[in-house]
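Below: the structure, in C-alpha cells.
Every number in this text was worked out from the coordinates using simple rules, so none of it is lab data. Note that this is a predicted model, so its numbers are computed, not measured. No Cβ is skipped: glycine too gets one built from the backbone with ideal geometry, and neighbour counts run over all protein chains shown.
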Amino acid sequence: MSDDRIRIFDTTLRDGEQSPGCSMNRQEKLSLARQLERLGVDVIEAGFPIASDGDFDSVQAIARELDETIVCGLARTGKLDVERAGRAVEVAKQPRIHTFIATSDIHLEHKLRMTRDRVLEEVDRAVRQARTMVDDVEFSAEDATRSDRDFLVDVFRTAVEAGATTLNVPDTVGYTTPKEYGELIAFLRQNVEGADDVVFSVHCHNDLGLAVANSLSAIRAGARQIECTVNGIGERAGNTSLEEVVMALKTRADQFPGIETGIRTREIYPSSRLLSSVTGVQVQPNKAIVGDNAFAHEAGIHQDGVLKAAITYEIMTPESIGRASNELVLGKHSGRHAFRDRLLELGFAIEGEEFERAFRRFKSLADAKKVIFNEDLEAIVSDSIQALDDRFVFGSLLLTCGSETAPRAKVALEVDGKAVERETSGVGPVDAIFRAIAELTETGSELIQYRVHAVTAGLDAQGEVSVTIEEEGRRVIGNGVHEDVMVASAKAYVHALNKLEWHKQRRHVDAPRGI
C-alpha cells in the first residue's frame, strides 16, 4: 500500500454504537457492515467481543461475512479480553485485534490505579498475546493527548517491540488542537524506535468540534490511518466524521498532494441514510456533506449563481457522494429485478427474507402511493432489516378516535410466537396504542421521546416515527415507517422493545466508553 494512502478505519459499529440510543442488533450491524465494505473502508471495528455474548456473535458474524475489509475486534489488555477478541475475528479473511490501555497520569491515578511500569508490562503482554492469534495487531494509548510525551514514547516502543503493526494516538476526550496534535504525531514518529515499520493512526473525538481538523493535521504530520464514523456518531459529541474527512481530502487535494483513500465516495450518502434509518437518529439539516441543507440554496443571489454555474456556490456535486435526485423511480408494475437494481443503485444489497419482506412492502406501498421516491425505498429497506428472530412481532392495529370520542386502540401482536391482542383507551391515539403494546409485552420501560416526520413531500407521504425508550439505564431508539402514521408509531414502539429485549438477553461486563 502506498505511503500516501490513508487507511479509513470505521468504528461506527463500536464507538458509534456508544451514542445514546444508537445500539444495534446483530442483523442491523450485518447490514451496515456490508454497506461499509461497499463504501470501501479499509478496516471495520465490528465491536468489543468481551462486552457480551451478543457483541461476540455480531463481531463473529461480520468477520465471517466480509471478503475485502479487515475486521477488527477491540480488547482491553486483559488476557480474557484479548483471547475473546481473537476468537471472534479468527474466521475473518483479514483479522485484526485492537488492544488498548490508558496512559495519562489522570487515568493511571483515578481509573487504573497502576504505575507506569505496570502499564508497560500490560502493553508488552497483551500485544504479544494478540500476535500469537493474528498477524495484524493495533495498539492504542487511551487519552494519549493528555499523556506525558516521554512516557508515550516508552509505551509505543514497547508495543512495537512486542509486535504491534499499527499505533493509535487517541484524542479520547476531544481536548487537543490541530497544531499541538500535529506536533505530537511528528514527535512520536521521530522518537519511537521502529516507527518507520508501523502505521500511525489517530482517533479523535469532537468535544470541541475539532475532530476533523485534528485528523487532517495528523495526516500532514505523517499519520496514515484515520479512525472515524459515518455521520460522526459516537461517544458524547461524536467522532471524526468519515464523510467530512474523506471529502476534505478529495476536494482539497491541492492541500494534500498525493494523499488518497480507497473510499467509493458515491456510497457516502447511501451509508449515511442507512445508518440513520437503522438507528432512528436523523442527521442535522446543516450537517456537512450529508445534511439535507448541504446542497440547498435559498438566498436569491446563491440560486442565481448555482443555476448559471454550480461551481459558484458548490465545491462538490451531490452526485459525487451518491445523492440521487428526488424523482419517480419505480411503480406498481415494477418487478423484483427492477426493484433489486434500484436498491443496488441506492447502495442497498439485501437478500433472502430481508429482500422478500422489502419487496412485499414496496408492492403494498405502490398500491397506496402514485409516486415513489428514493427516500421511500430507503425507508422500506430500513423497515425490512429488523431482526428476523424478534420476540415481539407487530400484527395489526384497529384505532377509533376523533373529537367526539375517546381514543381506543386494538393491537394484535405475536409474543414468543403466540398471537395475542389487547384493546385499551388513552388520552390520545398514540397513548392508546402504546398502552396496549405495553400491556401485551409487559414492559417496564419509560417513553423518553416520540418523533414523527414525513419521508417525502406530498399528502400521501409515508410517515417515519422514531421512539426512544429507557429501562434500567439502557436507552434505545426504535424506528417504524408506514403510510399510516399510527401504524408507523406502533411498529416503532415494537422495534424499540425488541432492541431492549435483545440487550437484556446479552451478558454485559464493564465495557469501555471509547478510547
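Rounded to the nearest 10 degrees, the inclination of helix 79-89 to the longest alpha-carbon principal axis of the chain is 60 degrees. Quick one: Debye curve from the alpha-carbon atoms of the chain only, equal weights, vacuum; give me log10 I(q)/I(0) at q = 0.09 Å⁻¹ to two decimals. Ignoring solvent entirely, the Cα scatterers give -0.67. Across the range 155-206, the volume of the C-alpha convex hull divided among the residues equals 71 Å³ per residue. Highest mean packing first, where packing is the average number of other Cβ atoms within 10 Å per residue, the peptides 452-459, 242-249 line up as 242-249, 452-459. Remark: the chain carries a charge dipole of roughly 580 debye about the Cα centre, counting +1 on each Lys and Arg Cβ and -1 on each Asp and Glu Cβ.
Which whole number in µm²/s is D for the range 7-279 by Stokes-Einstein, with the Kirkwood Rh taken over Cα pairs at 10 °C and 1.306 mPa s? Translational diffusion coefficient: 87 µm²/s.
Of the three principal axes defined by the Cα atoms of the range 47-158, the extents in descending order read 41, 25, 22 Å. A 30 angstrom limit on the alpha carbon distance is what I want to check against. Which of 179/250; 250/491; 29/491; 79/287 exceed it? Checking Cα-Cα distances, 250/491; 79/287 exceed 30 Å.
Around the Cα centre of the range 392-504, unit charges on the Cβ atoms of Lys, Arg, Asp and Glu (plus for the first two, minus for the last two) sum to a dipole of about 140 debye.
How big is the charge dipole of the range 1-151 about its Cα centre, in debye rounded to the nearest 20, if each Lys and Arg gets +1 on its Cβ and each Asp and Glu gets -1 on its Cβ? Don't skip to the answer; put the middle values down first.
Details: 23 positive and 31 negative charges, 59 e Å.
For the range 1-151, the charge dipole is close to 280 debye.
Over every pair of different alpha-carbon atoms in the range 114-266, take the mean of 1/r and invert it; report that Kirkwood radius in Å. Please list the in-between numbers first.
Numbers: mean 1/r = 0.0630 Å⁻¹.
Here the Kirkwood hydrodynamic radius works out to 15.9 Å.
Each label was represented as a point 7 Å from its Cα along the Cα-to-Cβ direction; for residue 364 and residue 504 these points are 2.6 nm apart.
If packing is taken as the mean number of other Cβ atoms within 10 Å per residue, what is the order of 24-33, 189-198, highest first? Please list the in-between numbers first.
Working: 24-33: 23.1, 189-198: 13.9.
Highest-to-lowest ranking by the protection proxy: 24-33, 189-198.
Order the peptides 481-490, 40-49 from the highest to the lowest mean number of other Cβ atoms within 10 Å of their residues. It would help to have the intermediate numbers written out before the result.
Working: 481-490: 21.8, 40-49: 26.6.
Top to bottom by mean Cβ count within 10 Å: 40-49, 481-490.
By its C-alpha gyration tensor, with a ≥ b ≥ c as the square roots of the eigenvalues, how is the range 392-504 shaped: rounded for a/c under 1.5, else prolate for a/b larger than b/c, else oblate? Working shown, then result.
Details: a/c = 1.58, a/b = 1.19, b/c = 1.33.
Since a/c reaches 1.5 but b/c is at least a/b, the shape of the range 392-504 is classed as oblate.
Helix content alone sets the calculated 222 nm mean residue ellipticity of the chain: runs of n ≥ 4 DSSP H residues at -39500 (n - 2.57) each, divided across all residues, give -12000 deg cm²/dmol.
Can you figure out the FRET efficiency of residue 187 with residue 4, using R₀ = 22 Å and their beta-carbon distance, to the nearest 0.05? Kindly include the intermediate steps, with their values, before the conclusion.
Values: r = 21 Å, r/R0 = 0.96.
Between residue 187 and residue 4 the formula returns 0.55.
Note that the range 196-298 shows a convex hull volume over its alpha carbon atoms of 127 Å³ per residue.
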